[in-house]
Ligand SMILES: CC(C)(COP(=O)(O)OP(=O)(O)OC[C@H]1O[C@@H](n2cnc3c(N)ncnc32)[C@H](O)[C@@H]1OP(=O)(O)O)[C@@H](O)C(=O)NCCC(=O)NCCS
């Protein structure tokens, strides 16, 4: 196959941009958390944190964002939004692909959790269920904490809604919408997500 000069120029540009992004992202994360920790952030990421919000990240976490680092749903780059007085707690050895985490109150992610590309985790409806309130922009928004238990695997394209507790060592199938709690050691999938099978030996 013959490649022209534009092909090489395009890829060299991409490598340079991703190199700059990686370094800027690590500095951004260090600044925002206010402490030194070991995190590998690869690719373009977006972080918006209100000054009153709290972000804690454990050791040895990894972020893969953008087409160069994970082609699966690469257009959904890794983003975190922490609203006023919100808390995002991330354990050790957590892996993120191109996912989005929006925190109004509190989201806790346990150790060794893997989160797939295109997944959205949001502890709030972000808008009122009352049409008058939505029109007047003075909204009472429903918000409930989310907990993702340690060693869970959240597949790609999943949506985890407010108030959900995912038990330890569970798996959420690709493109599921999780509206209710998920028991430990289980595989859930679908919209709304339901038990597919138990991972317990006697299950
Ligand atoms: C959930 C999952 C782990 C199940 O895998 P598995 O144990 O091999 O299960 P099977 O393929 O045997 O399917 C078992 C049942 O679950 C259903 N199922 C599988 N995945 C499902 C999903 N994502 N949503 C809804 N139902 C699903 C199957 O249709 C099947 O139903 P049936 O028993 O009525 O025929 C897998 O399908 C999956 O979604 N993996 C995640 C992949 C992913 O997103 N990777 C990350 C990319 S970044």
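Name the residues in region 155-187 that are in contact with a strand residue (DSSP E or B) (Cβ under 6 Å, 6 or more places away or on another chain) and within 8 Å of the ligand (Cβ to nearest atom), would you?
Within region 155-187, 155, 158, 171, 172, 173, 176, 187 qualify.
In region 106-154, which residues are farther than 18 Å from residue 81 by Cα and in contact with a strand residue (DSSP E or B) (Cβ under 7 Å, 6 or more places away or on another chain)?
Correct list: 110, 113, 114, 149, 152, 153, 154.
Would you check which residues across region 60-71 are surrounded by fewer than 19 Cβ atoms within 10 Å (Cβ to Cβ) and at pLDDT 85 or above and list them?
60, 62
Keeping to region 91-108, report how many residues are in a strand (DSSP E or B) and within 13 Å of the ligand (Cβ to nearest atom).
So the answer is 2.
Can you find, within region 140-154, the residue that is farthest from the ligand (Cβ to nearest atom) among those that are within 13 Å of the chain's Cα centre (by Cα) and farther than 15 Å from residue 173 by Cα?
Once the filter is applied, the top-ranked residue is 147.
When you go through (1) modelled with pLDDT of 90 or more; (2) within 14 Å of the ligand (Cβ to nearest atom); (3) over 24 Å from residue 10 (Cα atoms) one by one for residue 88, which number turns out not to apply?
So residue 88 meets the others, but not (2).
Name the strands (runs of 3 or more DSSP E) wholly inside region 109-203 in which the number of residues that are surrounded by fewer than 18 Cβ atoms within 10 Å (Cβ to Cβ) and modelled with pLDDT of 95 or more is 3 or more.
194-198
Taking region 1-58 on its own, how many of its residues are part of a strand (DSSP E or B) and either exposed (fewer than 10 other Cβ atoms within 10 Å of the Cβ) or at pLDDT 70 or above (or both)?
So the answer is 11.
Given the criteria farther than 17 Å from residue 55 by Cβ, touching a residue at least 40 places away in the same chain (Cβ under 8 Å) and more than 14 Å from the ligand (Cβ to nearest atom), does residue 137 qualify?
In short, no.
Only one of these conditions is not met by residue 94: (1) crowded, with 20+ Cβ neighbours inside 10 Å; (2) more than 16 Å from residue 41 (Cα to Cα). Which number is it?
(2)
The values are calculated or read from the model by the stated rules, or taken from the named source; none is laboratory data. Since this is a predicted model, take the numbers as computed values, not measurements. FYI the Cβ positions are ideal-geometry reconstructions off the backbone, even for glycines, and counts take in every protein chain you see.
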